[in-house]
Amino acid sequence: MRFHRLAFAAAIFAVGSLTQQHGFALAADEAPTANEDIPPADAENFEFQAEVNRMMDIVVNSLYQNKDVFLRELISNASDALDKIRFLSLTKPELLKEKEDFEIRIEYNSEANTLTVRDSGVGMTHDDLVENLGTVARSGTTKFLDALQEQDKNDVSGLIGKFGVGFYSSFLVADRVTVASKNAADSKQYIWESRNGEDKFHVYPDPRGNSLGRGTEITLHLKEDAVDYADGDRLRNLVTHYSEFVTHPIHLRITSTTEVEVDDEEESTEDGEEKKDDIEVSDEEDSSEDGEEEKPKKYETIVTHEWEEINNNPAIWTREKEEITDEEYRDFWHVVAKGVSGDCARWNHFNAEGNINFKSLLYMPEEIPDNYQFGQIDKIVGGLKLYVRKVLISDEFDLMPKYLSFIRGVVDSDDLPLNVNRETLQESKITKVIKKKLVRKALDMIRAFSKEEMPADDEEEVEVDEEGNVIETEKEEKVHPYIEWYKHFNANLKMGIIEDEPNRGRIMKLLRFQTSKSDGKWVSLEEYVENMGPLQKDIYTIAGAGLDDVQQSPFLDRFNEKDMEVVFLTDPVDEYMIQQIRDFDGKKFSAISAENVKIPDEDEDLAKRREKAYKKKFKPLTKYLKKLYGPSVMRIAISKRLGKQPAILSSSEYGNSANMERIMRAQAYQTGQSQMMAGAMKVMEINPRHPIVTKLLEGCPPEEEEEGADPFVVSTESNEAAMLLLDMAALNGGFEIPDVKGHNRRVTKFLQASLNLDSLGLEDEIDPPEEDDDAPDLDGMEGMEGLNMGDFNLDEMDL
């Protein structure tokens, strides 16, 4: 980027004024850091305790799988120190005399490959540096709490972490670590220093004097493979990721390089005086100089520094619900829902108390995530971030099961172990308890959403005619907001019924279905049960590829006659779900496409007598058809529910339905699956009242042939008709035709007979005379004769 020098100077002045107004300091205000490579001669040398060496080896080589956490640890320690001084200053305000601000500042030097984290906290004395940084798991935080055992520790009980362990994570990225610290109880500022791999450390007075005023400054001399941490963008991303909601402000010093144009007038002679030329130039010479090429512009590289506050998003989950407005909740949604488009549908802000205490704020999105649209459920990353005192521990925990992975939000717990097991918290029993409570709260949030009253209609302007009468207009029926949300996420809830048995009952109350009597509306299972008639004992369902498919199914005929409601299952996951639940509120789910579905009848005795009589009458036909169809059907049954259809293929009670068979055959990665497993066990139901069936009965062999009579021979026409009946029954039941080639042959014969064709032989090819090649007629191109320009609306065409 290039600027003119004067313009750039003005910009620098404006930026400086702005940053000062916001409480930032310019780079010139900062004290230099201690970068001396060799400790001074008067430095005290100390040996690390044996367990410290072992711990450092574990930290560097095993404990932390992700090097990035070192910055989280250092910021957490700095936040601890600031909380301590804030608490102590309540009774000793003189502790803030040297420096009143509570802040954390981070700066880097890409040339020296250093990274510095500085806080204005309580600081450490000479003895603190030796004791806290030379002994594992010994920290100011631990001793601070011990000293306050007899006092009210509510304000400090959540101080984060073990300073020793967290501090040693610095050696993940640093060859050498230098710590400068100043405590109000000590007149001098001291430096602690050690190299990665050494078994000793050094402590000595800071030769810079009291440059901090109060607090601690940690300088990391980065390893060769960690120099990329000396980058403003990288540090900004890390601070935002891990420490976005730390209470105290975190400032990052951004270094930028700019090229500034240098004017020729600014160049001076070696004596500091401008050159003067007394030679007179004629007009001709002057004009010739105008044609000369312009001199190339000269630029100067300027390095500037600017402080930027990183963590300016409020941690609203730590406040009381009554103090937070809906607008603040919606604004915070955009903070936690990174990568999710749209607004939030609802939220749930709660404090969980008991054996485990934590605070949480959960959000439901309005729009479905992109991965859901393409079925990439396994690629969905959990949307909950786990914090401890507003410091991010991880955003990779599975705090929600897969079916609730669309939930976004934060969880902040004081009871999580914050020791060497930070990277393996997934196995913690506390984490499992938190997960269980979060699932319940998420389901309660969805349940509350589903039970909300329908929003009131907005006032609309009415139209009046010339006489002043109101013109009645047909209003579109409003849809409940939960139904709009449910259309996007119903597959997730159904997956939850399959996978989450403990919460299955809760999730079932969240389901909504269209039914044969709902007229396109969505009803709950509770509403369905309430609308059941006195004779109905089961919840009837029918599965299909879509709404039109199930609405036109012949299986519905009998139930429509009986005025019985049937639930439509039109999603691929529905039948998998039904196999898991079986019943709701004591009512069994019954598929009306199954052969043994029971239809309540007022006169059960009459229905049984009819069934017995029909079976006896049509026994010859059922025997003949089973022999003719072979393995295409499992058996032939007399239907008690068919109305206008002569026959239909149904499935057995425990076999796959036609829709399930279609789904299983469509599996992209299924291989080696037997026909018995994938296919349905088909039962052919024939209508004893249909004329086609009674006519076939006349043409089939009798059950018992008379002695001495010639064997009964079924006519070819009867066999063909019976096979066509099977094809019709398969299509009525939603199955594929068993023998497609045979079906085509039979239909061809039917067409031949209908058209009185003597033969299906092909005619000879025609032999048209040769013609001259003519140019194509553009005004009457073949296939364009039926087009009319009036059919096109040119105003709406994008030309």
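The values are calculated or read from the model by the stated rules, or taken from the named source; none is laboratory data. In this text the structure is predicted, and so the values were computed from the model without any measurement. Cβ: placed from backbone, ideal geometry, glycine included. Neighbour counts: every protein chain shown. Accessible surface is based on the protein model in full, side chains and every heavy atom, while ligands, DNA and RNA are left aside. Shrake-Rupley method; radii C 1.70, N 1.55, O 1.52, S 1.80 Å.
In table form, for the structure just shown:
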| quantity | calculated |
| --- | --- |
| Phi to ³J(HN,Hα) by Karplus 6.51 cos²θ - 1.76 cosθ + 1.60 over the range 102-107, Hz, x for Gly, Pro | 9, 7, 10, 10, 10, 9 |
| Two-site label geometry, Leu535 and Asp398: point separation in nm, points 7 Å out along Cα→Cβ | 5.0 |
| Simple label model, 7 Å out from Cα along Cβ direction - Glu98 to Ala112, nm | 2.0 |
| Amide H partners (placed H, <5 Å) of Leu642, local residues excluded | none |
| Largest to smallest accessible area among Lys390, Lys188 [probe 1.4 Å] | Lys188, Lys390 |
| Estimated inter-spin distance, Asp199 and Glu323, nm [label 7 Å along Cα→Cβ] | 5.3 |
| Hypothetical label at Ala753: residues of the range 708-737 whose amide nitrogen lies under 20 Å (7 Å Cα-Cβ projection) | 713-730 |
| Mean Cβ neighbour count within 10 Å, used as a protection proxy, ranking 546-555, 75-84 highest first | 75-84, 546-555 |
| Under Karplus coefficients 6.51, -1.76 and 1.60, residue-wise ³J(HN,Hα) of the range 650-661 in Hz, glycine/proline x | 10, 10, 6, 4, 10, x, 6, 7, 4, 5, 5, 4 |
| C-alpha center-to-center spacing [the range 178-236, the range 702-742] in angstrom | 93 |
| Euclidean distance between Cα centres, the range 493-550 to the range 642-667, Å | 20 |
| Chain lengthening between Thr91 and Arg689 when straightened (0.36 nm per residue, less Cα-Cα) | 205.6 nm |
| Whether the range 470-588 is rounded, prolate or oblate, judged on the alpha carbon gyration tensor where a/c under 1.5 counts as rounded | oblate |
| In sequence order, calculated HN-Hα J values of the range 622-638 (Karplus, 6.51, -1.76, 1.60; Hz; x Gly/Pro) | 5, 5, 5, 5, 5, 5, 6, 7, x, x, 5, 10, 6, 6, 10, 10, 8 |
| For the range 522-645, alpha-carbon Rg relative to the globular expectation (2.2 N^0.38 Å, N residues) | 1.20 |
| Ordering of 757-770, 639-652 by packing [mean C-beta count within 10 Å, highest first] | 639-652, 757-770 |
